[in-house]
Amino acid sequence: MKNKTYILFAFLGAILLLSSCRPEVYNLGALADKSTLKFTIAPSSTNPNDIVLTSLTPNVAPMWVTPFGQSIRVKDTINVPFPGTYKFVYGVESAGGFVQADTTIIVIKTLDQNTVSTPMWVSLAGGYGKSKTWVLDLDANGISKYFSCSFYFGGTGWEWDPAWNTIGWSGVAAGDYGTMTFDLIGDAHFSSTNKMFPDLSGTGKFMLYTATNQLQTFGAQVLHDKAEGNSVADWYAKMSIKTLTDSTMQLICYESSSSWLIYNYVSKQYYDTH
């Protein structure tokens, strides 16, 4: 009798073990139909540079793709400060998976006054509807008005700020390097007139990244020489702003991740009055 009981328990245990090893079957819900997605992407009635995103599709988690990153809010506002054509994409995570609507194109025609009225924008370009002109801090006599030279050397953990007349070996010539102008008249415009190297002159646009203290130009290069400047890896890459005041500016231009040149500028107004 005991043997029969042991056999019965062993049989039941085997059944339980086999049943516990069976994979569970999950059933996904229905995938949302792209045509049923409901949303709006439209400028704010109070500021045409503020784009209001509103998800109107029930029982889903929204996912917005914008020119400035992603958002998962049901309603969100994205500030687009500069004129241009921008792409927005609405998507949802439904019970059956992720679905995206077609791309929405938004055309911005105005410059956002609030964005370009902060201190860094004002120091660099004069503020909304204005412009500011800068010069390299070196004249035809080899004199710098504020800094000790038109550029300094730098790298990881070190910096050298020589006077121009002590680095003749660098090959950097004294001279009138011309002017460069940043303006916020309708858009973020940039122009450079390099009198020493006219081939470096041009017109384009610029972007100031206030959160990271960086500056980038498009279509034209900031004023610089060629003797040392040719070692900079890319003059259209983002440059770090070492210092920026209403009358002086220092830009870190990278030769590599561990070495760079620091170009020194003064405003045209400062140059003409000192």
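The values are calculated or read from the model by the stated rules, or taken from the named source; none is laboratory data. Bear in mind that the values here come from a model prediction, so they are computed numbers and not experimental data. Cβ: placed from backbone, ideal geometry, glycine included. Neighbour counts: every protein chain shown. Only protein heavy atoms, including side chains, enter the accessible area calculation; ligands, DNA and RNA are left aside. Shrake-Rupley method; radii C 1.70, N 1.55, O 1.52, S 1.80 Å.
Points to keep in mind about this one:
- Principal-axis tilt of helix 2-21 within the chain, Cα atoms, nearest 10 degrees: 30
- Heavy-atom accessible area for T77, with the other protein chains in place and a 1.4 Å probe, reaches approximately 70 Å².
- Violating pairs (Cα-Cα greater than 29 angstrom) within the set K34/K87; K87/K268; K38/K238; K109/K195: K87/K268; K38/K238; K109/K195
- For K130 and S201, a Förster radius of 30 Å and the Cβ-Cβ distance give a FRET efficiency of 0.85, rounded to the nearest 0.05.
- Taking the accessible area of the chain, probe 1.4 Å, and keeping the other protein chains in place, the carbon and sulfur fraction comes to 57%.
- Lys, Arg +1 and Asp, Glu -1 on Cβ, resulting dipole of the stretch 141-274 about Cα centre, debye, nearest 20: 60
- Under the convention that each Lys and Arg Cβ holds +1 and each Asp and Glu Cβ holds -1, the size of the dipole of the chain around its Cα centre is about 1320 debye.
- Relative contact order (%) - criterion: Cα under 8 Å, at least six apart; region: the chain: 13
- Chymotrypsin sites (Phe, Trp or Tyr not before Pro) within the stretch 26-76, DSSP loop, no more than 14 other Cβ atoms inside 10 Å: Y26, F68
- Only one of (1) 24; (2) 32; (3) 48 was calculated from the structure for percent of Cα pairs over 32 Å apart, and its label is (3).
- Cα gyration tensor shape for the stretch 111-196, rounded if a/c is under 1.5, else prolate or oblate: prolate
- Accessible solvent surface per residue of the stretch 226-274, calculated while the other protein chains remain in place, 1.4 angstrom probe, Å²: 46
- Ellipticity at 222 nm from helices only: DSSP H runs of n ≥ 4 in the chain, each -39500 (n - 2.57), divided by the residue count, give -3500 deg cm²/dmol.
- Estimated distance in nm for a label pair at T46 and A173, the labels positioned 7 Å out from Cα along Cα-to-Cβ: 5.7
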